[in-house]
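The values are calculated or read from the model by the stated rules, or taken from the named source; none is laboratory data. Remember, it's a predicted structure, so these values are computed and weren't measured experimentally. Don't worry about glycine lacking a Cβ; one is built from the backbone with ideal geometry, like all the others, and counts go over all protein chains shown.
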């Protein structure tokens, strides 16, 4: 999906590339090198994406040995929250992770 300098990406192309980036686990630099995309372009898209992310309401499950909440943020940070956390504590964790 390499494009020459000055060529614009469609919205669908941007969304597909950002999805691939998030799934890849690569750093931005490595992803750009692999996909032959400008580092500045991806960083700009990621900046726009992070400003459009909003928190959603979280419902907690009753505590059990097997229930947990796995959170993966657009920046690649992952965290697993154990069962039994209250709604406010869960939201606090998510907000803290989002600021990373």
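Listed here are the residues, each with its yes/no results for (1) under 13 Å from the mean Cα position of the chain (by Cα); (2) farther than 30 Å from residue 11 by Cα; (3) modelled with pLDDT under 75.
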| site | (1), (2), (3) |
| --- | --- |
| 44 | no, no, no |
| 52 | yes, no, yes |
| 55 | yes, no, yes |
| 59 | no, yes, yes |
| 74 | yes, no, yes |
| 82 | no, yes, yes |
| 88 | no, yes, no |
| 94 | yes, no, yes |
| 98 | yes, no, yes |
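Quick check on residue 37: is it at pLDDT 85 or above and outside any helix (DSSP H, G or I)? First the steps, then the outcome.
Values: at pLDDT 85 or above: yes; outside any helix (DSSP H, G or I): yes.
When the stated conditions are applied, residue 37 passes them.
Considering only residues in region 19-29 that are touching a helix residue (DSSP H, G or I) at 6+ places or on another chain (Cβ under 8 Å) and in a helix (DSSP H, G or I), the one that is surrounded by the fewest Cβ atoms within 10 Å (Cβ to Cβ) turns out to be 29.
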